[in-house]
Amino acid sequence: MTARELEERHALEVYPRRGISIVRGEDARLWDDQGNEYLDCAAGVGVANVGHANPSVAAALADQARVLVTCPGIFYNDQRGQLMEKLASLAPAGLEKVFLCNSGTESTETAIKLARKTTGRSGMVTAMRGFHGRTLGSLSATFKYRDAFEPLLPGCTFVPLNNIDKLDSAVGEDTAAVMLETVQGEGGVRPADPEYLAAARRLCDERGSLLIIDEVQTGFCRTGTFFSCEQFNLVPDILCLAKSIAGGMPMGAVLCSERVEAGIGVHGSTFGGNPLACAAALAAINFMLEHDLAARANERGAYFQRRFTGELPARVRDVRQIGLMIGIELKEKATPYLQALLHRRVLALPAGPTVIRLLPPLVISESQLDTVVTALQDVLSV
């Protein structure tokens with residue numbers, strides 16, 4: 001039986017399928033089981049920043065798998081310790097405490113728990129269109145996908161992104177934390193204003209709340225700096241990370257300031273910080289630094305912007321580009337054009353009903369971006 005037949009028989013269907021079976025990847029390219037080659041502008045939903053089957057990550061995985069795969073947090077481990085030190089050295093000043101987990105939603109769940117533990121409060125303020133995960137706690141802070149699972153955590157308030165007055169009104173004496181993305185990914189590639197983020201920091205300081213910044217999608221060079229909050233001179237109390245941290249291996253991380261309280265037994269994860277994933281993360285991060293993928297994201301993103309907007313199709317309403325995080329907002333539904341791109345062997349993502357989201361591996365070349373631009377202009381001009 002084919003992969004499609006096997007999954008259609010056994011998978012609990014929760015994903016809108018694209019109808020192809022991906023079996024191999026290299027840098028910014030993927031191949032299906034029929035041998036067709038695709039340019040990947042989805043990158044596993046922002047996971048493959050260092051490219052598919054990155055040789056440095058693959059070698060680190062192979063080496064570590066022969067030494068030690070699992071080691072719970074009750075014991076110290078060399079790979080885990082080195083990764084924690086590396087993350088703390090790269091993060092905004094003061095974020096020196098690290099909890100390692102397995103995904104983005106685990107990182108935001110952890111952040112919510114730590115905020116409640118630290119402040120003794122239960123309220124959360126997050127942004128409309130924001131996305132922080134699909135497990136019950138993180139879903140409570142997410143603007144959509146909620147209806148079938150109510151009641152969720154009480155006390156979650158949603159405010160318009162970049163509306164300081166509404167944010168000011170929402171942060172009160174029961175607010176444990178304000179949780180924001182610097183750039184809303186699932187919400188349409190919508191960047192927060194610097195003034196809005198500065199106001200969030202000020203309001204949290206004044207009112208005894210924590211500021212949680214969710215960089216699950218924007219972190220690790222995606223937006224042109226190693227962490228997106230660097231561009232805003234923003235230091236949160238908690239920084240949530242995942243996706244591209246380990247070159248495709250499942251991993252998440254939560255970085256905390258000294259203000260954040262934890263304690264023995266407050267939280268845990270069986271697989272979090274396992275040596276195999278940590279070795280992959282160290283290799284991926286070192287590759288990002290050695291090849292200056294932050295600068296490359298800036299350069300390639302600006303190149304795409306120049307090429308695509310030079311002959312902008314009439315059905316495009318707006319193009320939002322921050323590094324290699326790109327949202328093309330249309331005047332109509334995006335789904336037919338995503339399918340048309342698939343037929344042109346370009347993989348892209350939606351971000352809301354009318355936005356085409358591009359999150360290519362940061363190793364993508366200019367010539368590959370030329371191919372993407374040509375495909376976009378062709379399908380959007382029909």
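For (1) assigned to a loop (DSSP other than H, G, I, E, B); (2) outside the structural domain of Cys41 (by TED's automatic domain parsing); (3) not aliphatic (A, V, I, L, M), each residue gets a yes or a no:
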position	(1), (2), (3)
Val254	no, yes, no
Gly273	yes, yes, yes
Leu276	no, yes, no
Glu299	no, no, yes
Phe304	no, no, yes
Ala314	yes, no, no
Tell me whether the range 349-356 contains one or more residues that are of a type in the set (A, V, I, L, M) and touching a Phe, Trp or Tyr at 6+ places or on another chain (Cβ under 8 Å).
yes
Would you pick out the residues in the range 346-364 that are out of contact with any helix residue (DSSP H, G or I) (no Cβ under 9 Å at 6 or more places or on another chain) and part of a loop (DSSP other than H, G, I, E, B)?
Ala351, Gly352, Thr354
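Quick one: which residue in Val235, Val266 is within 30 Å of Leu203 (Cα to Cα), at pLDDT 95 or above and in a loop (DSSP other than H, G, I, E, B)?
Val235
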When both residues are 6+ apart or on different chains and their Cβ atoms are under 6 Å apart, which pairs have a first residue that lies in the range 99-115 and is under 10 Å from Ser269 (Cα atoms), and a second that is at pLDDT below 95 and not in a helix (DSSP H, G or I)?
none
Within the range 224-240, restricting attention to residues that are in contact with a helix residue (DSSP H, G or I) (Cβ under 6 Å, 6 or more places away or on another chain) and not polar (S, T, N, Q), which residue is surrounded by the most Cβ atoms within 10 Å (Cβ to Cβ)?
Cys240
Of the conditions (1) within 18 Å of Pro360 (Cα to Cα); (2) without any contact (Cβ under 8 Å) to a residue 40 or more places away in the chain, Gly310 fails just one. Which one is it?
(1)
Can you list residue pairs whose Cβ atoms sit under 7 Å apart, with the first residue in the range 53-67 being over 15 Å from Ser244 (Cβ atoms) and the second being among the charged types (D, E, K, R)? Count only pairs 6 or more apart in sequence or on different chains.
none
So is Val47 surrounded by fewer than 15 Cβ atoms within 10 Å (Cβ to Cβ) and either of a type in the set (A, V, I, L, M, F, W, C) or at positive phi (or both) or not?
no
Whether any residue in the range 255-270 is in contact (Cβ under 8 Å) with a residue 60 or more places away in the chain, surrounded by 24 or more Cβ atoms within 10 Å (Cβ to Cβ) and more than 16 Å from Pro92 (Cα to Cα) is what I want to check.
no
Out of curiosity, is Gly44 in a helix (DSSP H, G or I) and not assigned by TED's automatic domain parsing to the domain that holds Gly188?
yes
Extreme residue, surrounded by the most Cβ atoms within 10 Å (Cβ to Cβ), among residues of the range 282-321 that are under 15 Å from Val50 (Cα atoms) and either touching a strand residue (DSSP E or B) at 6+ places or on another chain (Cβ under 8 Å) or among the small types (Gly, Ala, Ser) (or both)
Ala284
Any residue at all in the range 176-188 that's hydroxyl-bearing (Ser, Thr, Tyr) and assigned to a strand (DSSP E or B)?
no
Quick one: count up the residues across the range 195-223 that are surrounded by 24 or more Cβ atoms within 10 Å (Cβ to Cβ) and in a loop (DSSP other than H, G, I, E, B).
10
How many residues are without any contact (Cβ under 8 Å) to a residue 24 or more places away in the chain, outside any helix (DSSP H, G or I) and surrounded by 13 or more Cβ atoms within 10 Å (Cβ to Cβ) if we restrict to the range 322-345?
1
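Let's see how each residue does on (1) out of contact with any Phe, Trp or Tyr (no Cβ under 8 Å at 6 or more places or on another chain); (2) closer than 26 Å to Thr175 by Cβ:
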site: Ile74; (1), (2): yes, no
site: Gln82; (1), (2): yes, no
site: Ala91; (1), (2): no, yes
site: Leu95; (1), (2): yes, yes
site: Glu109; (1), (2): yes, yes
site: Ile112; (1), (2): yes, yes
site: Ala115; (1), (2): yes, yes
site: Arg121; (1), (2): yes, yes
Those residues of the range 92-137 which are farther than 23 Å from Val45 by Cβ and either surrounded by 22 or more Cβ atoms within 10 Å (Cβ to Cβ) or among the hydroxyl-bearing types (Ser, Thr, Tyr) (or both), in sequence order
Leu95, Leu114, Ala115, Thr118, Thr119, Ser122, Gly123, Met124, Val125
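The values are calculated or read from the model by the stated rules, or taken from the named source; none is laboratory data. Predicted, not measured: the structure shown is a model, and the values here were computed from it. So basically every Cβ, Gly included, is an ideal-geometry build from the backbone, and we count neighbours across all protein chains shown.
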